[in-house]
Amino acid sequence: MTLNAYLILSTVLFVIGLVGVMRRKNLLMLFFSTEIMLNAVNIGMAAISKFYGDLTGQMFAFFIVAIAASEVAIGLGLLILWFKKKNSIDLDTLQSMKG
Amino acid sequence: MFEIIAFYLFSILTIVMFCITVFTNNSLYALSALAAGMIFISAFFFLLDADFLGAVQIVVYTGAVMALYAFGMMFFDSLSTVKEKIKNPRLVFLLSGISALIIVIIFISPIIGSNIVAQYPVHPEWGNTQDVGIVLFTKYLIPFEIAAVMLLVAMIGGIILAGKKMDVSYSELSEEEIDALEKEDSAKDEK
């Protein structure tokens with residue numbers, strides 16, 4: 001397989017995640033779509049790492065995995081807090097900044 | 001030949017799984033499809049000779065992150081329907097289309113760096129795990145430590161955020177006490 005095939009696959013997965021972020025109003029779906037986008041980027045990084053014989057891409061993929069894990073921890077905590085406050089996981093309830 | 005078949009098979013499976021995640025209305029289906037898609041993505045890492053990254057993908061993503069999501073979903077009514085009517089759907093789809101097109105152009109445009117020299121070259125005779133370990137603990141030691149501290153901070157932050165107002169256990173209270181507590185809470189909210 002060529003590098004372009006992997007990059008096209010990565011792009012397609014990224015676009016699926018992007019559509020999820022823009023279309024869904026469920027806050028849980030927002031987190032899921034973010035995970036999809038991060039994973040799509042990881043595939044691109046690993047493919048570039050392989051086809052240029054350089055380990056830097058894999059290193060960045062590791063740090064992206066670490067960032068995704070901490071994003072889940074913080075995001076889920078905020079989501080639980082928001083659900084306790086508003087009793088809803090609708091994205092539109094976030095529009096008010098009244099606290 | 002094997003690589004081509006594996007690539008197309010896993011591409012189709014991953015794309016279908018992630019489409020299910022994005023378009024389904026049942027959050028349990030979304031979670032399961034996302035976990036399956038993560039497993040299928042690890043296949044690409046194995047195809048790309050990034051064995052350690054593939055193992056990390058399975059252990060961290062499908063083991064830890066998906067378990068955390070499944071655990072977090074217990075705290076709220078995840079099956080409650082969310083009104084997903086977009087006020088101006090045409091604008092949203094236009095914006096999605098334009099940004100998707102820009103991303104595709106960025107990726108498809110000829111790769112500028114044709115004279116790239118590998119900074120940390122791959123040693124096939126060492127194996128991927130040893131190679132990754134050597135680079136991670138020499139050249140990327142400080143980012144590695146910072147990532148460790150960041151994970152610790154995120155963990156403590158998550159515990160504090162999720163654990164707020166958890167000092168009262170509803171299961172140990174009687175019905176009257178719960179009613180009184182909720183009345184007090186709603187009075188506090190209205191203030």
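Hey, if we sort B:Tyr140, A:Tyr52 by accessible area with the 1.4 Å probe, largest down, what's the order?
A:Tyr52, B:Tyr140
When chain A is modelled as a GNM with alpha-carbon springs shorter than 10 Å, which of A:Lys84, A:Lys50, A:Lys25 fluctuates the most?
A:Lys84
As a test of the formula, what do you get for the protein assembly as shown when each DSSP H run with n ≥ 4 contributes -39,500 (n - 2.57) and the sum is divided by the residue count, at 222 nm and rounded to the nearest 500 deg cm²/dmol?
Per the formula, -24000 deg cm²/dmol.
Rounded to the nearest 100 Å², what is the sum over both chains of accessible area buried where A meets B, with a probe of 1.4 Å?
Approximately 6900 Å² gets buried when A meets B.
Hey, if you put +1 on the Cβ of every Lys and Arg and -1 on every Asp and Glu Cβ in chain A, which of A:Ser49, A:Phe14, A:Leu30 ends up farthest toward the positive end of that dipole?
Value computed over the given set: A:Leu30.
What accessible surface, in Å², does a 1.4 Å probe find on B:Trp126, ignoring ligands, DNA and RNA and rounding to the nearest 10?
Spelled out: B:Trp126, probe radius 1.4 Å, area about 100 Å².
What is the percent carbon and sulfur in the accessible area of chain A, measuring with a 1.4 Å probe over the protein chains and ignoring ligands?
Summing carbon and sulfur atoms, their accessible area is 70 percent of the total for chain A.
Taking Rh as the Kirkwood radius, which is the inverse of the mean 1/r over Cα pairs, what is the Rg/Rh value for the protein assembly as shown?
1.03
So how exposed is A:Thr93, as accessible area in Å² (1.4 Å probe, rounded to 10)?
About 40 Å², rounded to the nearest 10.
Given just the C-alpha atoms of chain A, how large is their convex hull per residue in cubic angstrom?
Dividing the Cα hull volume of chain A by its residues yields 90 Å³.
Kindly report, to the nearest 10 Å², the accessible surface of B:Glu177 as traced by a 1.4 Å probe over protein heavy atoms only.
The accessible area comes out at roughly 100 Å².
Given the options A:Met37, A:Met29, A:Met59, state which has the largest fluctuation in a GNM of chain A using a 10 Å cut-off (strictly under) for Cα springs.
Looking only at A:Met37, A:Met29, A:Met59, the largest GNM fluctuation is found for A:Met59.
If you count, for every residue in B:44-57, the Cβ atoms of partner chains within 10 Å of its Cβ, what is the mean?
5
Counting heavy atoms of the protein chains only and a 1.4 Å probe, report the per residue accessible area for chain A as a whole number of Å².
About 37 Å² of surface per residue is accessible.
For peptide B:128-141, what's the mean number of Cβ atoms from other chains within 10 Å of each residue's Cβ?
Mean inter-chain Cβ contacts per residue within 10 Å come to 2.
Just how large is the dipole of the protein assembly as shown about the Cα centre, in debye to the nearest 20, putting +1 at every Lys and Arg Cβ and -1 at every Asp and Glu Cβ?
1060
The values are calculated or read from the model by the stated rules, or taken from the named source; none is laboratory data. Computed from a predicted structure; not experimentally measured. Don't worry about glycine lacking a Cβ; one is built from the backbone with ideal geometry, like all the others, and counts go over all protein chains shown. SASA here: full protein model, heavy atoms, side chains in, ligands and nucleic acids out. Shrake-Rupley method; radii C 1.70, N 1.55, O 1.52, S 1.80 Å.
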